[in-house]
């Protein structure tokens, strides 16, 4: 395999975690990369969320799609994955792909060229995005991993999901720090939302009830330069 | 019928003549009423009446207790007395007089106080309030059958203007009475109100305004504010009533030691309690809600006689506040601990002593608060100032001197905010179609917007219509559209609904209700009373089982449930006092100048308490005291660190900004700064390297370090990532209608319902940094949270006048700020450091390498 220098640096041993025995890089920008599979997973892009709000009268800046794609472009350029899995809610609503500005569509297509691209169906975008390449699937199994949008209620080893937009909060020295995070217990991993306008929900919220083995729950909080692994016992609700 | 034409009367300087004219100006029933009461109308009341009857708008400046309210309403009442009765079947008349006050409570209070003379004189006048608390059936009825006099707030006026029957509702309007004008005009509410008045003038061009104000530094600004600025520079008439009896103010010369730092004034509790016992009713003012909670707690600890002492601040539940106000009016209380919620001219009870705990931070504010005692103009008010620390002794002394001199330090009026204008434009559109040219003319008639450029106005229209983005993506979603007839109209009824929900300029920090449950029930407890509201970020730092002080009680934190902070009865040591974001006033420029003057002049120390004068003498001996106009910078080593303490006396906000900028510069100079802390008087920066050596080697020199150019790139770079800018942006975005206000019950209901203002800010800043809303944000932040203009003035003032003193050890003057180290958080970039600490703790406990797949089945 022809690792570029940047990729070799990116995949330092310390950044690797194990999910159901598969090695993965938890990137501080909010994506997962599986070096052995050359697979990059990203979740909850929520493209065209801005225009979705604008339709209902909240004229928030129309730059979210551009911002999200720019960040996605950067991680794809760094890892050069063979496979990209977009874990659902790729568009904020069913009409999102259609509304997308031509320049953004072109940027997205350039990113997709030359690699296998899977659109996992999400609750916001159950159908295939209009006029875009890539394969739309309900879920995807690769090796011991299962990619789906909403985490299943039953325990599934090796499940990678999105949907919940996890964040975690700690209090240190009387100050509260809240960050988006990956949440995992070694068997299952829930990815942070990647989109520029996506909010987040604390991993201790009841929406996550039953999803994790609490004894081994870890929040991998996104920092400015690295990921911070925080054990579940240190986390705070809210 | 207009009295003005019949009794046109020239204002003269001769009071006697004015009295003689009372009979001419006042209708017969009024004269009889005054006589029956054994009163005679005050000169300024008649003078105001005469000017109003001559068709003028008027500004009345008078101290509390001068009968301002009655003066303000006399023109309306006399005119209404002559108005023929409405015949049955005749159409209902519109509002005759609109009274606008900054506080809901004030409107309610006026209804009570005005109702009495109206009844006694036997006037056929209806008076009603309309506030956020007015039930909807009453609002609807008011629309159909308007009262003669409507008492309301700026927000309600905005709502009335945005309704499609506004023109009819206001067509009979004669007067707008604006109470506490000095406090209204300095905020964004004032901007909204100024725009509202401009709209009313469009409906009724001959409308007259009557402004009631406490003494201000620049009455001309207020006079212009009251009338249309088409033509520019027009002013309302002015009537000034000289202050009443000089207040009797003293500074507590405590038997106890005055502390170096802190704000609690705990040392003075026994003496404060004595003072309460010696007076009928004592009003205790503090600067922040935290101080109010603390003082209240301490007083009850000292309250052996179980005197009725109550607490009143803005975070408490409304019902609780009303009960306190009622008890106060009934003279059932001996003391009330209050923050600025009680600042304004509300007339309650027989207060015979005002105690001000902590320095008043501004001479005008002191005068206002002291005005509460003995609400009669001719008796001296009695007040005691309790400085909480040594610098505050100097500040209290300066404030006291200033009050005797009648000095005024009200903040200057600022240019009309663009977020407020955006809200108003949408409101106008909700009221009916508008022509952009005409609206531009109208808006420029409002004093804060008199200098508004057409290009900016057009950008505001564009913002209201489609968001005003360079990327023209939202044309099809426009909120307002220009039709073929050239008029702008709301594109969808939903737009008007959204506008009504979001009107106003007061954007609160996200807050949680504090819900009380029985002890031992934990989070399962339900249904207890709501004690008030607490800021979300404070609640988030609490751990279940933590005890904190709120509503005068020690509460045990149980947890956060939806939008509620659940608490039960608490007890024990280690009680946390919530710190609130708002309510901290920085030291006023004027007072800062006075304090610097006092430091420089050892003759003036004679009036200071001995322990404070002694402190200054030792400072002079061990270091130096700066000359008036100089900036003293001390450096000294302590422990394994090097400290730099500067004494600009420009207030905490300006010092914080300065601290941020100095730290950046020292970092570039490789001095390895570790942090800084700022107070109202000084700031301290500490570093690993010897800063004095750097200054000596001119790497950089001290004057270079303090050069004004720090307000250029350094400020820009720091600002962009600052949480302060994000907070300001959120406020602007809500006011401008870009994002919706949060309402209790709807928060955190879902991840996709709202987009957080922080995320919008980040995206907008990186893609369109010149967007009109970001411009508005920067303007606000520079003036408000950052106090950049004040910092700039200071830096330019001290150029060439920086006095560096290197010491072997800490100086007496440096002690107060050094004691603050560790109490305050240092800088925003440190969040990742906190995460690292937490992550390292885990690693330390669990051993290294533990993270990498210890839960996985395969080894790696």
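Could you tell me whether segment B:10-30 includes any residue that is at pLDDT 85 or above, within 15 Å of residue B:213 (Cβ to Cβ) and buried (at least 18 other Cβ atoms within 10 Å of the Cβ)?
no
Sort out which residues of segment A:211-238 are at the interface with chain B (Cβ under 7 Å from one of its Cβ atoms), assigned to a loop (DSSP other than H, G, I, E, B) and within 18 Å of residue A:171 (Cβ to Cβ), and write them in order of number.
Matches in segment A:211-238: A:223, A:237, A:238.
Taking into account only those residues within segment B:535-552 that are part of a strand (DSSP E or B) and in contact with a helix residue (DSSP H, G or I) (Cβ under 9 Å, 6 or more places away or on another chain), which is nearest to the other protein chains (Cβ to nearest Cβ)?
Residue satisfying both the conditions and the ranking: B:548.
In the set B:110, B:95, which member is in contact (Cβ under 8 Å) with a residue 60 or more places away in the chain, in contact with a strand residue (DSSP E or B) (Cβ under 7 Å, 6 or more places away or on another chain), over 21 Å from residue B:42 (Cβ atoms) and surrounded by 19 or more Cβ atoms within 10 Å (Cβ to Cβ)?
After applying the criteria, what remains is B:95.
Among the numbered criteria (1) surrounded by fewer than 22 Cβ atoms within 10 Å (Cβ to Cβ); (2) within 30 Å of the chain's Cα centre (by Cα), which single criterion is violated by residue B:84?
Here residue B:84 clears every test but (2).
Looking only at segment B:132-149, count how many residues are surrounded by fewer than 17 Cβ atoms within 10 Å (Cβ to Cβ) and either closer than 20 Å to residue B:167 by Cβ or touching a helix residue (DSSP H, G or I) at 6+ places or on another chain (Cβ under 6 Å) (or both).
Qualifying residue count for the region: 6.
Against the condition within 14 Å of chain A (Cβ to nearest Cβ), in contact (Cβ under 8 Å) with a residue 24 or more places away in the chain and within 26 Å of the chain's Cα centre (by Cα), how does residue B:500 come out, does it pass?
Judged against the criteria, residue B:500 is a match.
Evaluate segment B:800-820: report whether one residue or more is in a loop (DSSP other than H, G, I, E, B), assigned by TED's automatic domain parsing to the domain that holds residue B:676 and modelled with pLDDT under 70.
no
If you take the residues of segment A:201-210 that are touching a helix residue (DSSP H, G or I) at 6+ places or on another chain (Cβ under 9 Å) and more than 8 Å from chain B (Cβ to nearest Cβ), which of them is surrounded by the most Cβ atoms within 10 Å (Cβ to Cβ)?
Per the criteria, the residue is A:203.
Please find, among A:54, A:58, A:14, A:8, the residue that is in a loop (DSSP other than H, G, I, E, B) and modelled with pLDDT under 95.
A:58
For residues that are surrounded by fewer than 22 Cβ atoms within 10 Å (Cβ to Cβ) and outside any loop (DSSP other than H, G, I, E, B), tally how many sit in segment A:77-96.
Total meeting the criteria: 3.
For segment A:161-184, what are the residues that are at the interface with another protein chain (Cβ under 7 Å from one of its Cβ atoms) and outside any strand (DSSP E or B)?
A:165, A:173, A:174
Evaluate the following for residue B:181: is it at negative phi and surrounded by 24 or more Cβ atoms within 10 Å (Cβ to Cβ)?
In short, yes.
I'd like to know if segment B:292-307 contains one or more residues that are modelled with pLDDT under 80, touching a strand residue (DSSP E or B) at 6+ places or on another chain (Cβ under 9 Å) and surrounded by fewer than 22 Cβ atoms within 10 Å (Cβ to Cβ).
Pass one, segment B:292-307, residues modelled with pLDDT under 80: none.
Scanning segment B:292-307, I find no residue that is modelled with pLDDT under 80, touching a strand residue (DSSP E or B) at 6+ places or on another chain (Cβ under 9 Å) and surrounded by fewer than 22 Cβ atoms within 10 Å (Cβ to Cβ), so the answer is no.
Please give the number of the condition residue A:126 fails out of (1) more than 14 Å from every other protein chain (Cβ to nearest Cβ); (2) within 18 Å of residue A:19 (Cα to Cα).
With respect to (1) more than 14 Å from every other protein chain (Cβ to nearest Cβ); (2) within 18 Å of residue A:19 (Cα to Cα), residue A:126 is out only on (2).
Report yes if residue B:123 is in contact with a strand residue (DSSP E or B) (Cβ under 8 Å, 6 or more places away or on another chain) and farther than 27 Å from residue B:505 by Cα, otherwise no.
no
Since residue B:718 meets every condition but one in (1) away from chain A (no Cβ under 13 Å); (2) surrounded by fewer than 19 Cβ atoms within 10 Å (Cβ to Cβ); (3) at pLDDT below 80, which condition does it not meet?
Among (1) away from chain A (no Cβ under 13 Å); (2) surrounded by fewer than 19 Cβ atoms within 10 Å (Cβ to Cβ); (3) at pLDDT below 80, the lone unmet condition for residue B:718 is (2).
In segment B:201-221, what residues are in a helix (DSSP H, G or I) and touching a helix residue (DSSP H, G or I) at 6+ places or on another chain (Cβ under 6 Å)?
The first filter runs over segment B:201-221 and keeps only residues in a helix (DSSP H, G or I), leaving B:201-203, B:219-221.
Hits for segment B:201-221 are B:202, B:203.
Only one of B:591, B:599, B:555 is at pLDDT 85 or above and part of a helix (DSSP H, G or I); which?
Step by step, each of B:591, B:599, B:555 is checked, and only B:599 is at pLDDT 85 or above and part of a helix (DSSP H, G or I).
Listed here are the residues, each with its yes/no results for (1) crowded, with 24+ Cβ neighbours inside 10 Å; (2) more than 15 Å from residue A:26 (Cα to Cα).
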residue	(1), (2)
A:168	yes, yes
A:178	no, yes
A:183	yes, no
A:199	no, yes
A:216	no, yes
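Within segment B:835-847, is there a residue that is part of a loop (DSSP other than H, G, I, E, B), at the interface with another protein chain (Cβ under 9 Å from one of its Cβ atoms) and at pLDDT 70 or above? Talk me through it step by step, then tell me what you get.
Just the residues of segment B:835-847 that are part of a loop (DSSP other than H, G, I, E, B), to begin with: B:847.
From what's left, at the interface with another protein chain (Cβ under 9 Å from one of its Cβ atoms): none.
There is no residue in segment B:835-847 that is part of a loop (DSSP other than H, G, I, E, B), at the interface with another protein chain (Cβ under 9 Å from one of its Cβ atoms) and at pLDDT 70 or above.
Among the residues of segment B:239-268, which ones are touching a helix residue (DSSP H, G or I) at 6+ places or on another chain (Cβ under 6 Å) and either modelled with pLDDT of 90 or more or more than 30 Å from residue B:614 (Cβ to Cβ) (or both)?
Matches in segment B:239-268: B:239, B:241.
List every residue pair whose Cβ atoms sit under 7 Å apart, with the two residues 6 or more apart in sequence or on different chains, where the first one lies in segment A:17-30 and is facing chain B (nearest Cβ under 7 Å) and the second, anywhere, is outside any loop (DSSP other than H, G, I, E, B) and at pLDDT below 90.
So the pair list comes out as A:23/A:16.
Please specify each residue of segment A:138-160 satisfying the condition of being under 16 Å from the mean Cα position of the chain (by Cα) and away from chain B (no Cβ under 12 Å).
The answer is A:139, A:140, A:145, A:146, A:147, A:148, A:149, A:150, A:151, A:159, A:160.
The values are calculated or read from the model by the stated rules, or taken from the named source; none is laboratory data. Since the model is a prediction, treat every value here as computed from it, not as a measurement. Every residue, glycine as well, gets a Cβ built from its backbone with ideal geometry; the counts of neighbours run over all protein chains shown.
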